[in-house]
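Values in this text are rule-based calculations from the coordinates and carry no lab data. Given the structure is predicted, the values throughout are model-derived calculations rather than measurements. Every residue, glycine as well, gets a Cβ built from its backbone with ideal geometry; the counts of neighbours run over all protein chains shown.
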Amino acid sequence: MKSDRNPPVSIENLLQLKRAERPPAGFWSEFDKELRAKQLVAIMERRPWWVSWRRLIPALVRHPLPVGAAAALVLSVLGFQHFRSGAPRAGVTAPVAAAEKTPAVETERSVPAMAAEVVAASSPSNRLPAAVPALAPSAPVQASPGTANPGNGTSERVDPVAALAEAAGFAPASSLRLVAVNFAVTPLDSPEAARNLFGQPSAFVAGNHFQSMRAPVLDPLARMAPPSNERRARILAEVVPAAAAVGDATSVLSDRLIRRLSDERLDESISRYGASADRFSVKF
Amino acid sequence: MVGCVLEAMKVLGKTLVATPERLREADDDWNVVRRVQAGEVAAFDQLILKYRTRIFGVVYNLTSNREDAADLTQDAFIKAFQSIQRFQGQSSFFTWLYRIAINATLSYLRKNRTRSFFSLERIDESEPVSKEVIEALTDKTGVERDAYVRELQERLNEAMQKLSINHRTVVTLFEIDGLSHQEIAEIMDCSVGTVRSRLHYAKQLLQAEMAAYLR
């Protein structure tokens, strides 16, 4: 140690010694080489996409209130748009699930067209409800008999689901259309369909609640009279003049005759029976 | 009396705000940065040559390890090079570069708290300040003098490493690198009062540790 004649040494003076520390010779050349190599690697390597997003996090954290308000607004708008678009959810009926597998572009098509495709693809002809062809674009439904003009083909196209929704007092949203299509093409009598629709078999009684909605839906084959009935009615009109005059082929007498006479016997007896305005003749 | 007050105010102002030399330096740096941003990548070498010694010195005094300091300094320049397109000149380039280097160093030190391997650099006694301090501390010569200086360096490094990371950073930037309180506050993203408080506390601790070498 030096004597007390020397100037005082403070902590600042000691720290100035550190300022004078120098690395050994050759250090900076090695430093530059390594830095150049790292620089080249940094230029060549592709930075991941989330690096740029990661830099936004501090800025977002710094302003939590505006960011939160903006996020809430965006979520609200998106939720509202989703609600309005009526996008089908997962777990609904099989036809809708099949429709969900189609590309997103097809969701922009009209619902009747989708319904026609779904019906054609999924339901056999004997189960085809009468209301479904009316949903197809090839079979437009007229708004009222008075406004229709089938002759010139200028009848106004009316969406049956929209008309149904309007009559029921609902807004004709596209989600309602999808629900209507599902109801139309799904056999609601089966418990599987009820389970597919609502997920809870115990909470839904298929035969009671929704049967009334399907009441107007009839099998078109069931509504057609068999050809034999028409033929019998024609023969009976000749055989029974009173019944023919009335024109009622389903009268009590004709019913009894129909039950008694088979088709073969009727064919054989055609030439033996004769009828005129005031007489009835039988040839033997 | 008046002269002493003016001198004190001058020193106080120097510690609080950036000096005119520093402002001129910042303008020059901004011109170089704009050239780099325009696509002249080679211009970044000027910034490396200008700041590598200072950045290395700061990082070395924080880590007390030469290899770590070299790696962290290189990483700081690489990060600055990668991000230079986002530098808008709102602060001076050296403040921005210091911030990158110190943040990387602090992150490294927090991850490697248990590391205790220190390296010593040679003191350049050609600088008048260091020569005066060493001569004031000892009248020994030759090998004894060198041993004394190394012992002093080791004790100083140990005392620095006993400080917390934030206190060590403030002492390093102010006493060793000569930055103002305001510049340190910008770099460390804290207030000037916090910088002063940390500096005062750190000096008290260092004085207690180095009491045997003070007079």
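Give me the Å³ per residue figure for the convex hull around the C-alpha atoms of the stretch B:161-215.
Values: hull volume 4.3 nm³, N = 55.
Considering the Cα atoms of the stretch B:161-215, their hull volume per residue is 78 Å³.
Return the Cα extents of the stretch B:62-207 along principal axes one, two and three, sorted largest first, each rounded to a whole Å.
54, 32, 32
Taking each residue in A:20-32, count the Cβ atoms of any other chain within 10 Å of its Cβ, then average. What number comes out? Don't skip to the answer; put the middle values down first.
Details: counts 14, 14, 8, 10, 3, 1, 0, 4, 5, 0, 1, 10, 5.
For this peptide, the per-residue mean of nearby foreign Cβ atoms is 6.
Helix B:192-209 sits at what angle to the longest principal axis of chain B, using alpha carbons and giving 0 to 90 degrees rounded to 10?
Approximately 30 degrees, to the nearest ten.
Label A:ARG22 and A:GLU34 with points 7 Å out from Cα along Cα→Cβ: what is the distance between them in nm?
Label at A:ARG22, label at A:GLU34, 2.0 nm between them.
Rounding to the nearest 10 and keeping the result within 0 to 90°, find how far the Cα-based axis of helix B:128-137 lies from the longest principal axis of chain B.
Taking Cα atoms only, the helix is inclined about 20 degrees.
Please arrange A:LEU236, A:LEU65, A:LEU40 by counting, for each residue, the other beta carbons lying within 10 Å of its beta carbon, fewest first.
Details: A:LEU236 20, A:LEU65 7, A:LEU40 10.
Arranged by neighbour count, lowest to highest, A:LEU236, A:LEU65, A:LEU40 become A:LEU65, A:LEU40, A:LEU236.
Can you work out the PRE-style zone for B:GLU151? Point 7 Å along Cα to Cβ, and I want the residues of the stretch B:195-215 with backbone N under 18 Å.
B:209-215
Return B:GLU154, B:GLU25 ranked ascending by Cβ neighbour count within 10 Å, so the fewest neighbours appear first.
Numbers: B:GLU154 13, B:GLU25 16.
Starting with the residue having the fewest Cβ neighbours, the order is B:GLU154, B:GLU25.
How many percent of all Cα-Cα pairs in the stretch B:80-136 sit more than 12 Å apart?
Working: 1238 of 1596 pairs.
The answer is 78 percent, as a whole percent.
Counting only helical runs of four or more DSSP H residues, what would the 222 nm mean residue ellipticity of chain B come to if each run contributes -39,500 (n - 2.57) and the total is spread over all its residues? Don't jump to the answer; show the numbers that get you there.
Working: 10 runs with 153 residues, N = 215.
Value at 222 nm, helices only: -23500 deg cm²/dmol.
May I ask you to order A:222-228, B:103-109, A:13-19 by the average number of other C-beta atoms within 10 Å around their residues, highest value first?
Numbers: A:222-228: 8.4, B:103-109: 17.4, A:13-19: 20.7.
In decreasing order of mean packing, A:222-228, B:103-109, A:13-19 become A:13-19, B:103-109, A:222-228.
Show me, for the stretch B:51-56, the HN-Hα J-couplings you get by feeding each phi into the Karplus relation (A = 6.51, B = -1.76, C = 1.60, θ = phi - 60°), rounded to Hz, glycine and proline as x.
Per-residue couplings from phi come out as 10, 5, 5, 5, 5, 4 Hz.
Treating the angle as unsigned and between 0 and 90°, give the value, to the nearest 10°, between the Cα long axis of helix B:2-16 and the longest Cα principal axis of chain B.
Helix B:2-16 sits at roughly 60 degrees to that axis.
When only C-alpha pairs under 8 Å and at least 6 residues apart count, what is the relative contact order of chain B, in percent?
Values: 163 pairs, mean separation 52.7, N = 215.
Relative CO of chain B lands at 24 percent.
With Cβ to Cβ distances under 14 Å as the rule, what net charge do the other residues near B:ALA208 carry (K, R +1; D, E -1)? Walk me through the numbers on the way to the answer.
On the way: positive: B:ARG155, B:LYS162, B:LYS203; negative: B:GLU158, B:GLU209.
Every neighbour counted, the sum reads +1.
How far apart, in nm, are the 7 Å Cα→Cβ label points at B:ARG86 and A:SER85?
It is 3.2 nm.
Using Cβ contacts closer than 10 Å as the measure, can you line up B:ILE187, B:ILE84 from fewest to most? Each step should come with its number before you reach the end.
On the way: B:ILE187 25, B:ILE84 18.
Ordered by Cβ neighbours within 10 Å, fewest first: B:ILE84, B:ILE187.
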